[in-house]
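Computed from the coordinates by the stated procedures, all read-outs in this text should not be read as laboratory data. These numbers were taken from a predicted model, which means no experiment stands behind them. Quick reminder, even Gly has a Cβ in these numbers, built from the backbone with ideal geometry, and neighbours come from all protein chains shown.
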Amino acid sequence: MSWLKSKKASHVLSVYWFVILILVAIGIYAMISTYYSYPTDVRQWEANVLANKAMDCVSKNGVLVEGLKSGKEFEKDFQENFDERCGFNFADNNYDKTQYYVNIDFYEVSSLDKIVFNVYGGNPSWGGTYNEVQQEKTFERIVQGTKKRFYVVDSERNQYLAEVVSVVRKSEQNVKL
Amino acid sequence: MEKKGEILIENVIFIVLNLIYLTILILFVMSRGAGVAGLEESYSKQIALIIDSSKPDTYFYINIEDAIEVAKKKWGEDNLDKIVKVSGNMVTVKLTEKSGQSYSFFNTVRIGKIQVREKGVYINVLAKE
């Protein structure tokens, strides 16, 4: 009789075991489905590449490139044709508006509170959104960006601090909205 | 008298069912990892990022063996040349006739002939004319 009892108990245990297995399977299915339903967010890397390209475009070996400054004046032409000069093409058929923004502010090292020259490309409104992300940690899903600083000299050895901000939106392709 | 050891049929069935369960689970995890949409998305983004970082006259190779295997099964070997396309500044990875994912790059370059080989794809980044 005790043999019968133990066999019955083991059957009941087997049923519970399979119930646990089914629950584990449902859990794994839910986790994997959730994980793969989210797109891979590559905007941080994209913003980094954009910032590096912009830095390479205005400075070579720590010296301002030709055409950016002549004499004591920065060139307006460089400012106006920034995208073309740096080889940026921000058009994207998936979106109506430009999804990128890159801005470089130049400061004289002697007075860091005053911008002496500025160049930018793309959609400036993403710059504003990125500032809000930085300050309040909101809208992180809307834009991703990066901020970098570097020192550069002109041909007369005047020193400047350049601050690059690059922002990428493309949220429809990189986050689940 | 010594008792002879016996293998209970219930135990065998129990072990077999557990193995079947584990196999199904592993196959499910592997199949989701190599899904068409996921592969198209990740490779289109990877290629776009590499093009963004490239200087003109760069020749690069990217291993997309898993995507090629999926394309062979679902679209046929004749269409392997069509799985990676660059049109304008848009990279498209397409592993079946009806699917496809695109991602844009901002670098103003021209893309030469794209060659899909056994395990990967060769892409030639050239200066804009």
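Overview of values
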| read-out | value |
| --- | --- |
| Peptides B:65-77, A:90-102 ordered by average Cβ neighbours within 10 Å, highest first | A:90-102, B:65-77 |
| Peptide B:95-106, shielding by other chains (average Cβ, 10 Å cutoff) | 4 |
| Given charges at beta-carbon only (K, R positive; D, E negative), |dipole| of the protein assembly as shown in Debye | 1220 |
| Among beta bridges that DSSP assigns inside segment A:43-174, antiparallel share in %, nearest 5 | 95 |
| Relative contact order (%) - criterion: Cα under 8 Å, at least six apart; region: chain A | 27 |
| Per-residue average of Cβ from other chains inside 10 Å of A:17-30 | 2 |
| Debye equation applied to the C-alpha atoms of the protein assembly as shown, log10 I(q)/I(0) at 0.10, 0.13 Å⁻¹ | -0.71, -0.99 |
| Peptide A:39-49, shielding by other chains (average Cβ, 10 Å cutoff) | 4 |
| Sequence-separation-based contact order of chain B, relative, with Cα cut under 8 Å and 6+ spacing, percent | 27 |
| Share of alpha-carbon pairs per 5 Å distance bin for segment A:43-174, given as whole % | 2, 11, 20, 23, 18, 13, 8, 4, 1, 0 |
